[in-house]
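Let me begin by presenting the structure, written as structure tokens, before commenting on it.
The values are calculated or read from the model by the stated rules, or taken from the named source; none is laboratory data. From a predicted model like this one, the values you see are computed outputs, not experimental measurements. Cβ coordinates were reconstructed from backbone atoms using ideal geometry, including for glycine residues, and neighbour counts include every protein chain displayed.
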Amino acid sequence: MELNSLRQFLVVARLEHLSRAADELHIAQPSLSRTIARLESELGTPLFDRSGRLRLNDAGKLFRDHVERSLGELEAGRRAVAEATSDGLGTVRLASETFLTLTGPLAAYKRAHPSIEIELHWSPAEDMARHLRAQEVDLCIASQPIHAEGLESVKLFDDAVGLATPLDHPLAGRASVSIDELADQPFITARKGHWQRRLLDRLFAARDLVPRIVCESDEPAAIAELISAGLGIGLVPAFALRSATRTTAAWISIDSPDCRRTVALYWGADSHLSAAARLMRTTITDWPWTTGVSKGFLDI
């Protein structure tokens, strides 16, 4: 099996769509179809269900996991050789759903190790296990649990999540508010997949409600400004209350024990972390998260 064929298979397995995979790989779809057919012939079994939409079947999922680990080991070997033959400590690759809360430890790490190159990758939590298995990144930080085998983790901090409203909002003077009271309120939130959106959807679904979302954004600063401008309300972690430069908005406790997030650091259990990655792991785990100061009101 050729390495390029295995890499192409992983893209098809991730997207479960031949034409989109071909576009991402910059190859013709018929060529990609032949590659997948050859792999299935070599393995003696289909890897995808083709009734209707293309779907990775159980054999495909099993093969995908092994391919990710195998290609990951090859990448780890390449990086190990590069590290062993260079004078520096190399590169560390960190993925996260947001980097706003990480500016403190990242700045401290760079000051302590100026020769190490830091690669930052934005990733939704649902993709992190795949990135770690394939050793495309060394470390991941997620604000929601990653349920996957072969990962190790350490909790960084647990955080209450409350409601941000404009200062002149009718709820702004309240000490707490229930989810039922928010049923008809306009929400400004992150897109699906982000921990903030997952939490919002989960809180409402538990009460057979659907949040009224008037804006979805990938920009935390824009979400904060839109809330302050009076265009809606949104979920904000208590971590943001320690901000040095708060946006003008009120923060109200939500009367639900489930309205929390747990931020954790993940890495591959079988990964051979480079010296640069081990130093980054130590910097992040030793950071004083309960007393550190964030950079903006909506550090999500």
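Hey, can you tell me all the residues within segment 81-98 that are touching a Leu at 6+ places or on another chain (Cβ under 9 Å) and either under 26 Å from Gln8 (Cα atoms) or modelled with pLDDT of 85 or more (or both)? Scanning segment 81-98 gives Val92, Arg93, Leu94, Ala95, Ser96. Residues in segment 147-163 that are modelled with pLDDT of 90 or more and hydrophobic (A, V, I, L, M, F, W, C) were compared, and the one that is surrounded by the fewest Cβ atoms within 10 Å (Cβ to Cβ) is Val154.
For the subset of segment 164-192 comprising residues that are surrounded by 15 or more Cβ atoms within 10 Å (Cβ to Cβ) and of a type in the set (Gly, Ala, Ser), which member is nearest to Asp127 (Cα to Cα)? The selected residue is Ala190. Remark: Arg78 falls outside the filter, which requires a residue to be more than 19 Å from Met128 (Cα to Cα), outside the structural domain of Glu117 (by TED's automatic domain parsing) and at pLDDT 90 or above. Has segment 74-92 got any residue that is touching a strand residue (DSSP E or B) at 6+ places or on another chain (Cβ under 7 Å), crowded, with 18+ Cβ neighbours inside 10 Å and within 17 Å of Val137 (Cβ to Cβ)? Yes; the residues of segment 74-92 include at least one that is touching a strand residue (DSSP E or B) at 6+ places or on another chain (Cβ under 7 Å), crowded, with 18+ Cβ neighbours inside 10 Å and within 17 Å of Val137 (Cβ to Cβ).
For every residue, the table says whether it meets (1) among the aromatic types (Phe, Trp, Tyr); (2) part of a strand (DSSP E or B).
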| position | (1), (2) |
| --- | --- |
| Phe187 | yes, yes |
| Arg207 | no, no |
| Ile213 | no, yes |
| Ile227 | no, no |
| Leu231 | no, no |
| Leu235 | no, yes |
| Thr248 | no, no |
